[in-house]
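Since every read-out is calculated from the coordinates, none of them should be taken as a lab result. Just so it is clear, the model here is predicted, and its values are computed rather than measured. For neighbour counting, all protein chains shown are included, and Cβ atoms are generated from backbone atoms with ideal geometry for every residue, glycine included.
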Amino acid sequence: MVSPLHSNGRAQLREEKAVTSIGDLALKPDLRPELLLKLSGKLQTTLELSQLLEIFFEEIQQAVLVDGLTFAHSANNLLISQGKNSPHSVSYRLQTQQDYMGDLTFHRSTRFREHELANLEGLLTTLVYPMRNALRYYEALAAAFRDPLTGAGNRVALDKTLSREVELAKRHGQQLSVLMIDLDHFKQVNDEFGHSMGDKVLKDAADCMTACIRQTDMCFRYGGEEFLVMLSSADQAGALRIAERIRMSISDMTFENAKGKLQVTTSIGCATLRGIDNTDSLVQRADTALYEAKHGGRNRVISDADTAFTESERV
């Protein structure tokens, strides 16, 4: 079904894939059958969302000229654009009886006429099921790179993402920092409050970390009660500010079950990319800083610069 959010025309895709107008006076699409057949065939050639929308954007120009389109799916944190934004727009919700597949907005410098809206809605009916399949494929891929308990990225996702970001940061001369985060005395949480409480602490702590970072940053579960946060375009000072925000936010959280109330703290090690770094050396320096934070009494943030100073003192 294609439901308009900001237009007067409406069209509906029934299970038999027939388009019916809602209302006797609604305009019917005026589209060549061979255009719909060609468009439907091309949309079946990919499961990649960006490519699917690119094909749709290019092919519909034969029936309705549009300057650009924007696809949004808030649950999957997706925002994909083709072409350019313009002053006038019309938005539609894509859905079947079982699935919501996001909102699609068309942009144009001039207003859409009624017969153009009818044609857009007819064209959209060819997109509904390919979009559903592409979203399911996207969600399956995302699940393969996500820790099932916390929703943070897993080690496979970390290895792929961090390697790419280190390479890009070096190539373009950009800053990159990582935080190694450990929940203090986590074994005691499991021993004294039970594993279900331990699972809740891990999940809520991961949610808290994600809420403290920017959209360009990423949180990964490194293993057990350890997490790694990758901070794009963040120098040491910026990384330390975010680390302190995470530390304070987690320490403010309160958990409770039949065995009583619980508060947890974190120790955080911070490292910023250097010219000679690779992914292993960057993570190792953050891990060393984390060790110093735990060795120094826990519930604190230590940077790799601090550990270098401490090591020189020891020498």
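Listed values, structure above:
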| quantity | calculated |
| --- | --- |
| 0 to 90° range, to nearest 10: angle between helix 279-295 axis and the chain longest Cα axis | 50 degrees |
| Charge dipole of the chain about the Cα centre (unit charges at C-beta), most positive-ward option of Pro130, Leu141, Met209 | Pro130 |
| Around Gly173: net Lys/Arg minus Asp/Glu count, Cβ-Cβ under 13 Å | +1 |
| Fully extended contour minus Cα-Cα distance, from Arg241 to Gln62, at 0.36 nm per residue | 59.3 nm |
| Label-point separation, Glu167 to Leu149 (7 Å along Cα→Cβ), nm | 3.2 nm |
| Ascending count of other beta-carbon atoms within 10 Å, so fewest first, for Met131, Met101, Met197 | Met197, Met101, Met131 |
| Sorted by Cβ neighbour density within 10 Å, fewest at the top, the residues Phe227, Phe56 | Phe56, Phe227 |
| Unsatisfied cross-links (Cα-Cα over 22 Å) in the set Lys84/Lys170; Lys187/Lys261; Lys160/Lys200; Lys160/Lys294 | Lys84/Lys170; Lys160/Lys200; Lys160/Lys294 |
| Computed over the chain, the ratio Rg/Rh where both radii use C-alpha atoms and Rh is Kirkwood | 1.12 |
| Aspartates and glutamates whose Cα lies under 14 Å from that of Lys28, excluding same-chain neighbours fewer than 8 positions away | Glu114, Glu116, Glu121 |
| Net charge, Gly41 excluded, C-beta distance under 13 Å - Lys, Arg +1, Asp, Glu -1 | 0 |
| For a label point 7 Å along the Cα-to-beta-carbon line of Asn190, residues of the range 222-239 with backbone N under 18 Å | 222-228 |
| Debye, to nearest 20: dipole size of the range 151-314, +1 on Lys, Arg Cβ, -1 on Asp, Glu Cβ | 260 debye |
